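To start, the structure itself, in structure tokens.
Nothing in this text is a laboratory measurement; each read-out follows from the coordinates by a stated rule. All figures in this text were calculated on a predicted structure; none of them were measured in a lab. Positions of Cβ are generated from backbone atoms using ideal geometry, with glycine treated the same way; all protein chains shown enter the neighbour counts.
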Amino acid sequence: MKCLKTKVAFLSHLDLNLFLFRLSWMEALIEKGYEVYAIVPKGKFINEFHKYGIKTIEYAIDRGGLNPVSEFIVILKLYRIFKKEKFDILHTFTFKPNIYGAIAGELSGIPIIINQVTGLGSLYAENNLRLRILRFVGSFLYCISFKIAKKVIFQNPDDLEDIKHLLNINKAIIIRGTGVDINFFSSDKIVQSRTDELRKGYSINKNSVIITLIARLIWHKGIKEFVEAANLLAKKYNNLLFLIVGWIDKGNSTAVTEAFIQEVQRSHYIRFLGEREDIKEILALTDIYTLPSYREGTPRTVLEAMAMSKPIITTDVPGCRQTVEDGLNGFLVLHKDSHALAQALEKLILDKDLREKMGKASRDKVVREFSDDVVIKQVLKLYKDLEKQ
């Protein structure tokens, strides 16, 4: 009799969420003999999965939608997919997929459902009336989802602490981040000619100190504070270049405006590079990496910069604070405080030796705590343990 493979479905609200951040997990599962599916909306990466032996199923979801009828239809469509495919394991990521996937998965009889809280995001980054109401509704829905799930993965202990009252604590597990390919993101693997081309293309002076931020262009990533800190420092130093890499996330209610970008680009010391695929080369050019975010799960771009031996300045908030040992591989600053950000940046701008020392500490920390090897071992162990139950 032919031995059937265990069928695993990864469910997300964006194809890039899986392709860019969980591809190594999916490859590791395939290597272990699992049959892996990506269930995602159509996007620029949906046709890439098959190159890695991953099957895809397309579905539609409105990330910001609040119409109860439309949301129910999403659950119904997922139920039909799950009922047809008869998955053994369903692994869901982010808010709506966690809830809708858990409900549809339970109704269709999927035996093992894993929710992954990749961060509490905008709902917990601010505290206005609208978000408090949405948090209340979200908490109610998460109670349902967490009750169904066999395990709930958190990426940092702060997120777990904030919502531990919503679940059986025995279901919770912390797996810090998504893992980083430390062989790919390595300063030893840089082709110098490519970085030289970047310098030439952007007319970057070799004496410039380059400070980089890579993120979706939403206010909660600290874009405003980054620009304000740049403005403060540019008044004192004429050798600084601030790079912002990313795209306007129009599906997010806190997206940065085109008008803001156009206004900022009038300065000669700040450049928006848009969405890029040469992140490794941009990080190679970078002297200081910063992410002044309001809240994260575990910021992937920070980990990639650490792997590239860069000193980090980030905020003392959930998710970010676990990446930096203050004073060792960078500095932690208060969020929404552009002056504190500028002061921390100035310390590194003025001290090249400190930048190099902290950069080495960043590399050591990411290898020890956040590499693909470390994270994937935890994921595979979790799957094995759940299958034994």
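Charge tally for Leu23 (other residues, Cβ to Cβ under 13 Å; Lys, Arg +1; Asp, Glu -1): -3.
The magnitude of the dipole of the chain, with charges of +1 and -1 set on the Cβ of Lys/Arg and Asp/Glu and taken from the Cα centre, is near 800 debye. Picking from Tyr37, Tyr237, Tyr59, which is most flexible by a Gaussian network model of the chain using Cα springs under 10 Å? In this elastic network of the chain, the residue with the biggest mean-square fluctuation among Tyr37, Tyr237, Tyr59 is Tyr237. Take every DSSP beta bridge whose two residues both sit in the range 187-369; close to 5 percent of them are antiparallel.
Rounded to 0.05, the FRET efficiency of the Glu31 and Leu334 pair, given R0 = 35 Å and the Cβ-Cβ distance, is 0.20. Here the extension length gained between Asn231 and Lys189 equals 11.8 nm, from 0.36 nm per residue of separation less the Cα-Cα distance.
Among the helices of the chain, those built from whole DSSP H runs whose Cα atoms reach 27 Å or more along their own axis and whose mean Kyte-Doolittle hydropathy is at least 0.5 are 129-148.
A straight chain from Lys381 to Asp351 at 0.36 nm per residue would run longer than the Cα-Cα distance by 6.5 nm.
Sort Lys336, Lys250 by Cβ crowding within 10 Å, fewest neighbours at the top. Fewest-to-most ranking of Lys336, Lys250: Lys250, Lys336. Most fluctuating residue of Ile57, Ile114, Ile218 in a GNM of the chain with Cα springs under 10 Å: which is it? Most flexible of the set in this elastic network: Ile57.
Put in line by how crowded their Cβ is, counting other Cβ atoms within 10 Å and starting with the fewest, Thr178, Thr6, Thr257 read Thr257, Thr6, Thr178. When the charge dipole of the range 187-369 is built from unit charges on Cβ atoms (+1 for Lys and Arg, -1 for Asp and Glu) and taken about the Cα centre, the candidate among Ser193, Gly319, Asn329 whose Cα reaches farthest toward its positive end is Ser193. When each of the peptides 299-306, 199-206 is scored by the mean number of other C-beta atoms lying within 10 Å of its residues, the order from highest to lowest reads 299-306, 199-206.
In summary, the lysines within cross-link reach of Lys5, defined as a Cα separation below 24 angstrom excluding same-chain residues under 8 places away, comprise Lys32, Lys51, Lys55, Lys83, Lys84, Lys86, Lys150, Lys151, Lys377, Lys381, Lys384, Lys388. With the simple spin-label model, which puts each label point 7 Å out from Cα in the Cβ direction, the Leu66 to Arg132 separation comes to 1.6 nm. For the listed peptides 87-94, 145-152, a ranking on the average number of other beta carbons within 10 Å per residue, highest first, reads 87-94, 145-152. The percentage of C-alpha pairs in the range 46-117 whose separation is greater than 20 Å is 31%. Binning all Cα-Cα separations of the range 183-335 at 10 Å, short to long from zero, yields these whole-percent fractions: 11, 41, 38, 10. Neighbour counting of Cβ atoms within 10 Å sorts the residues Ser193, Ser108, Ser12, fewest neighbours leading, into Ser193, Ser108, Ser12.
Taking the Cα centre of the range 187-369 as origin and assigning +1 to Lys and Arg Cβ atoms and -1 to Asp and Glu Cβ atoms, the resulting dipole is close to 180 debye. Residue separation of Asn207 and Thr6 scaled by 0.36 nm, minus their Cα-Cα distance, works out to 66.9 nm of gained length.
With all projection directions averaged, the alpha carbon convex hull of the chain covers 19.7 nm². Expressed in Å, the radius of gyration and Dmax of the Cα atoms of the range 118-185 are 14.1, 46. Which whole-number percent gives the relative contact order of the chain, counting Cα pairs below 8 Å spaced six or more residues apart? Here the relative contact order equals 14 percent.
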